[in-house]
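Everything on this sheet refers to the single structure shown next.
Quick note: the coordinates plus some simple rules give every number you see, no bench work behind them. Given the structure is predicted, the values throughout are model-derived calculations rather than measurements. All Cβ positions, glycine included, derive from the backbone under ideal geometry; neighbour counts span all protein chains shown.
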Amino acid sequence: MELRAQNIQSLDGGSFDVLIVGGGINGAVSAAALAARGVKVAIVDRSDFASFTSQESSNLVWGGFKYLENYELGLVWKLCGSRNQLMKAYPNAISEISFLATLDQTAPFPAPLAGLGTLGYWGFGRFATKPPKYLRPKAIKAAEPVVNTSTAKGGIQYQDAYLKDNDARFVWSFVRSALDNGATAANYVSLLKANRQGEQWHATLRDEETGRDLSLVAKTIVNAAGPFVDGLNESWDNETEHRIVYSKGIHLIVPRLNDSERVLAFFDDTGRLFYVIPMAHRSVIGTTDTRTEDPSEGVLDEDRDFLISQINARLDLDTPLTKADIVSERVGVRPLVVKNGGDDQTDVDWTSLSRKHEIDVDMPKKIVTIFGGKLTDCLNVGEEVIEAVASLGVPIGPEVEGWYGEPSEEEHRRFAERAQLLGLGRAPTIERESTIADVLWRRHGAAAYSVLDAIDEDPSLAEPVLGSSDLLRGELPLMAEREMITRPDDFLRRRTKLSLVLHRDELGADPGMDEVNRVLFSSS
């Protein structure tokens, strides 16, 4: 029985310690952390895992340099510690990267002051990265010829980190960890209703693939619904200390704008930071920060026009970017935390809000709600959810070692040596500063050995399944078995980043899509 069907069967009629509603980064890391301590967990998402806010990030793992501007020193200290922890746990998937920020008349502070800020930021980061630098305009031009320095007053270079693959796949790794430690998980399962009866929650769910209704009981509920947490709490008459407001951010993915593996940072005409971030052979421009009351609002023409105009003014491009250069787009609504009590969102100075998280616990109803948060802080969210669930009387066992992070470097070395013998030391088509073996390891960890076994038997499985991608034919059976890929975008957008870095029409016309559909979806 395929993986999703097994988990649907386990959900229906099941009895759990914790039901987690929402499979973004907060829900996924909570499920993994709880399952690693012997808690009986079920996690569901009404769409795919990481299919909303958690697939729309900047792919950055960072300490929040911009939060220094609002003197959120405690948050920066905490986020830098989280960044360091993730870099240590994922040495191949999460890489240190330089940020080069050019400061001109739109910057809200002078270049020398920004230079002092980078020194402070380096200290907040426990000196775990390369030291920062102050750059004069000529040095910026020498380092990044594409940058327009005609109005630059100076610049700063500091270090943070980023995911070399995509954010949604990182979220999936926590769902996979939860499954490996005994959790039940299913995508495309919506919560229809949940009622507290005696000492348990009785939940009715719907399998969105079949229309079949399911039922289960759970001692506690974790509300990890991201932008939709308030609506769920209202349905349960759960009064909380916090609520959320929405900030919309978009990214445009375009052909590569600079040759280096470095993030370019600028202040836009409103004085807010935006970036040019590397993603394979593309550049990601963003993000914007605009107020919205609609968590499903898409990319508007005015959003595209704003970002394109801002980047054209700050780069010396042979040909200015136009909307025709856009390969793909990302749009996400950040759920920002505020104290409850206001009548609506208009009483909040939302531009000063950070991506901190808060966790509220309703003791009588046995509900834990996660507000806000960001990818960098995910391990802290997991630990705090464990504490919250324990406070509700759920027994917490000892931690299973290795529930997050990559296998050891020694294991990675052995994998790389074997992969090299199979010809996988070559450079992939679209990745930079990587080999095929590196990409396999980042994507699958120790499970990638099965790909090597398959290639041993059939060398043709070492070829890309799609002509212009880094995905091997030998990976498809592994992904079909382990990754609960239910619909095409689960594969193209979340388990891989193919639809982010390649044009949709290019993917649709590729003859390799026949093999993708046959292996991943023929039995669906």
Two-site FRET efficiency, residue 399 against residue 316, from Cβ-Cβ distance with R₀ of 45 Å, rounded to 0.05: 0.30
Once amide H atoms are built 1.01 Å from N in the peptide plane, which residues 5 or more positions from residue 214, or in another chain, come under 5 Å H to H? 205, 206, 207
Largest-first ellipsoid semi-axes for region 409-521, taking √(5λ) over the Cα gyration tensor eigenvalues, angstrom: 23, 15, 13
How much net charge surrounds residue 304 when only the other residues with a Cβ under 10 Å from the Cβ of residue 304 are counted, with Lys and Arg +1 and Asp and Glu -1? -4
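Can you show me the helix-derived [θ] at 222 nm for the chain, built from DSSP H runs with n ≥ 4 at -39,500 (n - 2.57) apiece and divided by the number of residues, rounded to the nearest 500. Mind dumping the intermediate values first?
Working: 16 runs with 166 residues, N = 524.
Computed ellipticity for the chain at 222 nm equals -9500 deg cm²/dmol.
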Rounded to one decimal in nm, the spacing of the 7 Å Cα→Cβ label points at residue 239 and residue 71 is 3.3
Quotient of Cα Rg and 2.2 N^0.38 Å for the chain, N being how many residues it contains: 0.97
Aspartates and glutamates whose Cα lies under 16 Å from that of residue 88, excluding same-chain neighbours fewer than 8 positions away: 96, 160, 377, 401, 406, 409, 410, 411
Relative packing of 25-33, 222-230, 295-303, which averages over residues the other C-beta atoms within 10 Å, highest first: 25-33, 222-230, 295-303
7 Å from Cα along Cα→Cβ at both residue 89 and residue 329: what's the point-to-point distance in nm? 3.4
How big is the antiparallel share of DSSP beta bridges in the chain, given as a percent to the nearest 5? 75
Among 6-18, 387-399, what's the highest-first ranking by average C-beta atoms within 10 angstrom per residue? 6-18, 387-399
Testing the spin-label approximation: label points 7 Å from Cα along Cα→Cβ at residue 151 and residue 133. State their distance in nm. 2.6
Taking θ = phi - 60°, what integer Hz values does the Karplus form 6.51 cos²θ - 1.76 cosθ + 1.60 yield along region 479-492, in sequence order, with x for Gly and Pro? 5, 4, 7, 10, 10, 6, 7, 10, 10, x, 5, 4, 7, 6
Quick check for me: using +1 on Lys/Arg Cβ and -1 on Asp/Glu Cβ, what's the dipole size of the chain about its Cα centre, in debye to the nearest 20? 1180
Tally Lys/Arg at +1 and Asp/Glu at -1 over every other residue whose Cβ is under 12 Å from the Cβ of residue 437; what's the total? +2
Amide H contacts under 5 Å for residue 189, restricted to residues at least 5 apart in sequence or on another chain and with H modeled in the peptide plane, are 45, 46, 47, 208
Over 20 Å (Cα to Cα) - which of 78/164; 193/365; 78/374 fall in this group: 78/164
In terms of Cα to Cα distance under 12 Å, which aspartates and glutamates are near enough to residue 40, apart from those fewer than 8 places away along the same chain? 17
Length gain on complete extension for the stretch residue 10 to residue 446, per 0.36 nm per residue less the alpha carbon to alpha carbon distance? 154.3 nm
Taking Cα pairs under 8 Å and at least six residues apart, what relative contact order does the chain come out at, in percent? 19
